[in-house]
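Working notes for the structure below.
The values are calculated or read from the model by the stated rules, or taken from the named source; none is laboratory data. Since this is a predicted model, take the numbers as computed values, not measurements. Cβ placement follows ideal geometry from the backbone for every residue including glycine, while neighbour counts extend to all protein chains displayed. Note: areas computed on protein heavy atoms with side chains; ligands, DNA, RNA excluded. Shrake-Rupley method; radii C 1.70, N 1.55, O 1.52, S 1.80 Å.
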Amino acid sequence: MNKAALPGDLWIASDIHLGAAVPRTARAFYDFLALARSQAHALILCGDIFDAWIGDDHALRDPPAWLADAMRELRHTAQTIPVWLIRGNRDFLMGEALARALGARLIAAPVLLGTDAGPILLAHGDEYCTDDAAYQRFRRVVHTPWVQSVFLTLPLALRRAVANWARKRSRQARRGKSMRIMDVNADAILQALRSADCDVLIHGHTHRPAAHALNLDGRPAWRYVLPDWEFDHAGEPRGGWISISAARGVQLHPWPDTGPEA
Ligand code: LP5
Ligand code: MN
């Protein structure tokens, strides 16, 4: 179990899925980053920051305009407050070269975070979708170190083609899956909390933001799901984050946050 301490008021966001096709989502997220720089002590981006990540070199050598913007905004934020990055199922290839270029810290998940609101287990969440056997098989393959090493030696254009194909296959595969299968497995969540000896889990990935009260072997526990961000295609814009503080504990916030707790 990876462990880390992060005191102060923490803000956590995930599933922004930055890419060329979501300029409004990017704008909303950069406005959020500006607020985080002024109000949070640290920011954790908990996976699927990018819609697909095909290697750090893509960002470090002549990036497209949207990616250059994202790098600039993330670097500006990391120069103001500590920014920690967790890999998702789309951007699991984010590496140390990217983290260094941003001035951010890459954290292996799940991570047991020591916070001012107590110990909190943090993960992207795809690892808990254990009913989705096809996805877990895919995940084992693409998380195999030699597979990743070979992929990263391919020309950028070929990596982009593979990623586009994988995205297409994933969209097709999802159409044949039930919502239940594509959610986290209840037992996997309880087992993760037991293993970490913790009673609060925060994850993203499922795009089903909520605060779930759990029964962990007779004692109360909580599972918080981070909102996904979508301001370009969906009818109702979506976005949000979770704050962690000594004063208010764990709180789920929509974006833009018009509530009194803002
Ligand atoms: O991503 P999303 O939201 O559509 O669905 C996810 C699961 N799918 C994925 C696949 C990603 O979308 C693929 C994009 C990654 C791009 C970057 C890297 C490219 C290759 C790197 C090689 C080292 O995560 C989906 C879940 C869903 O969440 C809900 O949890 O159901 O799982 C699937 O759809 C998986 C399919 O069931 C089977 C696999 C399809 C992809 C096959 C391509 C293989 C390419 C491997 C190259 C070595
Ligand atoms: Mn995800």
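Residue count for the stretch 108-127 satisfying the condition of being under 22 Å from residue 251 (Cβ atoms) and either within 16 Å of ligand 2 (Cβ to nearest atom) or open to solvent by less than 10 Å² (accessible area, probe 1.4 Å) (or both): 10. Looking at the stretch 21-29, is at least one residue within 16 Å of residue 202 (Cα to Cα), more than 16 Å from ligand 1 (Cβ to nearest atom) and crowded, with 22+ Cβ neighbours inside 10 Å? No: the stretch 21-29 contains no residue that is within 16 Å of residue 202 (Cα to Cα), more than 16 Å from ligand 1 (Cβ to nearest atom) and crowded, with 22+ Cβ neighbours inside 10 Å. Within the stretch 61-73, does at least one residue satisfy the condition of being within 25 Å of residue 245 (Cβ to Cβ), surrounded by 15 or more Cβ atoms within 10 Å (Cβ to Cβ), in contact (Cβ under 8 Å) with a residue 60 or more places away in the chain and acidic (Asp, Glu)? Within the stretch 61-73 (the criterion being within 25 Å of residue 245 (Cβ to Cβ), surrounded by 15 or more Cβ atoms within 10 Å (Cβ to Cβ), in contact (Cβ under 8 Å) with a residue 60 or more places away in the chain and acidic (Asp, Glu)), the answer is no, since none of the residues qualifies. In the set 12, 16, only one residue is assigned to a strand (DSSP E or B) and buried (at least 18 other Cβ atoms within 10 Å of the Cβ); that residue is 12. Listed conditions (1) open to solvent by 50 Å² or more (accessible area, probe 1.4 Å); (2) away from ligand 2 (no atom under 16 Å from the Cβ); (3) in contact with a helix residue (DSSP H, G or I) (Cβ under 9 Å, 6 or more places away or on another chain) are all met by residue 139, apart from (2).
Annotation: residue 90 fulfils all but one of (1) over 18 Å from the mean Cα position of the chain (by Cα); (2) within 16 Å of ligand 1 (Cβ to nearest atom); (3) part of a loop (DSSP other than H, G, I, E, B); the unmet one is (1).
Can you work out which of the residues in the stretch 153-189 that are within 8 Å of ligand 1 (Cβ to nearest atom) and farther than 29 Å from residue 202 by Cα is surrounded by the fewest Cβ atoms within 10 Å (Cβ to Cβ)? So, considering only residues that are within 8 Å of ligand 1 (Cβ to nearest atom) and farther than 29 Å from residue 202 by Cα, the one surrounded by the fewest Cβ atoms within 10 Å (Cβ to Cβ) is 165.
Does at least one position in the stretch 224-234 carry a residue that is more than 8 Å from ligand 1 (Cβ to nearest atom), within 22 Å of residue 2 (Cβ to Cβ) and not in a loop (DSSP other than H, G, I, E, B)? Yes, some residue in the stretch 224-234 is more than 8 Å from ligand 1 (Cβ to nearest atom), within 22 Å of residue 2 (Cβ to Cβ) and not in a loop (DSSP other than H, G, I, E, B). Would you confirm whether or not the stretch 23-41 contains a residue that is outside any helix (DSSP H, G or I) and among the hydrophobic types (A, V, I, L, M, F, W, C)? Yes. The condition of being in contact (Cβ under 8 Å) with a residue 12 or more places away in the chain and in contact with a helix residue (DSSP H, G or I) (Cβ under 7 Å, 6 or more places away or on another chain) holds for only one of 246, 173, 211, 196, that being 173.
Here the stretch 158-172 is the region considered, the condition is being more than 14 Å from ligand 2 (Cβ to nearest atom) and among the hydrophobic types (A, V, I, L, M, F, W, C), and the residue that is farthest from residue 58 (Cα to Cα) is 165.
Given 237, 256, 220, which one is more than 27 Å from residue 135 (Cα to Cα), open to solvent by 50 Å² or more (accessible area, probe 1.4 Å) and out of contact with any strand residue (DSSP E or B) (no Cβ under 9 Å at 6 or more places or on another chain)? Of 237, 256, 220, the one residue that is more than 27 Å from residue 135 (Cα to Cα), open to solvent by 50 Å² or more (accessible area, probe 1.4 Å) and out of contact with any strand residue (DSSP E or B) (no Cβ under 9 Å at 6 or more places or on another chain) is 256.
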